[in-house]
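Student: Have a look at this one before I ask anything.
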Amino acid sequence: MTMPLAALVDTGSELTWLPAEALQRIGIEARSLRTVQISKDVTVEREVGYAILRANGSEVAEEVVFARPGDAVRLGTQALAGFGVKMDDMARRFVSINTLASFSAKSLFQPFARVA
C-alpha cells in the first residue's frame, strides 16, 4: 500500500495514470506497452499494469498507466465507473451511478415501439 496520491479527475481519459516510481515502489509490475492518444494529434507509448485503487472505503481493480515525469497524474473514467460514480461537470461533484450487473437476453431483442 502507498500513501494517498493527489490526482486530477480527468473525464477525458479512460485510463488512470499514476507515477511509475510509486507503482514500482509498491510492487506493481508493468504487464504490457500501450499506445495512448494524449491529444488530437499526439500518441505516446506507456507501460501499463494492474493495481487495486482505494477511496473512501471502496476499492476497484484497475488498469493503470505508468506515468513518466511530466505526465499528469489522473483518475480516469474506468476507475470512476468502478467506484460507482461519475462526474457532474456542472455542479463539479461526484454523483452515484447504478452499475449494470446483468440484463436478460430478452430485453435485447424487444422490438422498438413504432410511432405513427
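The values are calculated or read from the model by the stated rules, or taken from the named source; none is laboratory data. Note that the structure is a prediction, hence the values are computed from the model and not measured. Counting neighbours? That spans all protein chains shown, and the Cβs are built from the backbone with ideal geometry, glycine included.
Student: Restricting to the stretch 43-58, name every residue that is closer than 18 Å to Leu8 by Cβ, over 14 Å from the mean Cα position of the chain (by Cα) and either small (Gly, Ala, Ser) or assigned to a strand (DSSP E or B) (or both).
Tutor: Within the stretch 43-58, Val44, Arg46 meet the criteria.
Student: Moving to a separate point now. If we keep just the residues of the stretch 29-43 that are at pLDDT 95 or above and of a type in the set (A, V, I, L, M), which is surrounded by the fewest Cβ atoms within 10 Å (Cβ to Cβ)?
Tutor: Leu33
Student: Let me ask something else. Only one residue in Gly82, Gly49, Gly57, Gly12 is on the phi > 0 side of the Ramachandran plot and either at pLDDT 80 or above or surrounded by fewer than 14 Cβ atoms within 10 Å (Cβ to Cβ) (or both), so which one is that? Please lay out each step first, then the result.
Tutor: On the way: Gly82 fails: on the phi > 0 side of the Ramachandran plot; Gly49 fails: on the phi > 0 side of the Ramachandran plot; Gly12 fails: on the phi > 0 side of the Ramachandran plot.
Every option except Gly57 fails the conditions.
Student: Here are some residues: Ala81, Ala61, Ala91. Which one is of a type in the set (A, V, I, L, M, F, W, C) and part of a helix (DSSP H, G or I)? First the steps, then the outcome.
Tutor: Numbers: Ala61 fails: part of a helix (DSSP H, G or I); Ala91 fails: part of a helix (DSSP H, G or I).
It is Ala81.
Student: Can you tell me which residue within the stretch 1-31, out of those that are part of a loop (DSSP other than H, G, I, E, B) and hydroxyl-bearing (Ser, Thr, Tyr), is nearest to the chain's Cα centre (by Cα)? Working first, answer last.
Tutor: Residues of the stretch 1-31 that are part of a loop (DSSP other than H, G, I, E, B), as a first pass: 1-7, 10-15, 26-31.
Next, only the ones that are hydroxyl-bearing (Ser, Thr, Tyr) stay: 2, 11, 13.
On the way: Thr2: 18, Thr11: 9, Ser13: 7 Å.
Of everything passing the filter in the stretch 1-31, Ser13 is nearest to the chain's Cα centre (by Cα).
Student: Mind checking which residues of the stretch 37-66 are touching a Phe, Trp or Tyr at 6+ places or on another chain (Cβ under 9 Å) and over 17 Å from Ala81 (Cβ atoms)?
Tutor: Keep residues of the stretch 37-66 that are touching a Phe, Trp or Tyr at 6+ places or on another chain (Cβ under 9 Å), which gives 46-49, 53, 55-56, 58-66.
Selection gives Arg46, Glu47, Val48, Gly49, Phe66.
Student: Additional query: When you go through Arg93, Arg114 one by one, which is the residue that is modelled with pLDDT under 90, within 25 Å of Pro19 (Cα to Cα), surrounded by fewer than 10 Cβ atoms within 10 Å (Cβ to Cβ) and not polar (S, T, N, Q)? Explain how you work it out, then say what you get.
Tutor: On the way: Arg114 fails: within 25 Å of Pro19 (Cα to Cα).
Only one candidate passes the filter, namely Arg93.
Student: Is there any pair with a first residue in the stretch 3-21 that is hydrophobic (A, V, I, L, M, F, W, C) and a second that is modelled with pLDDT of 85 or more and in a helix (DSSP H, G or I) whose Cβ atoms are under 7 Å apart and which are 6 or more apart or on different chains, and what are they?
Tutor: Leu5/Ala22; Leu15/Gln78
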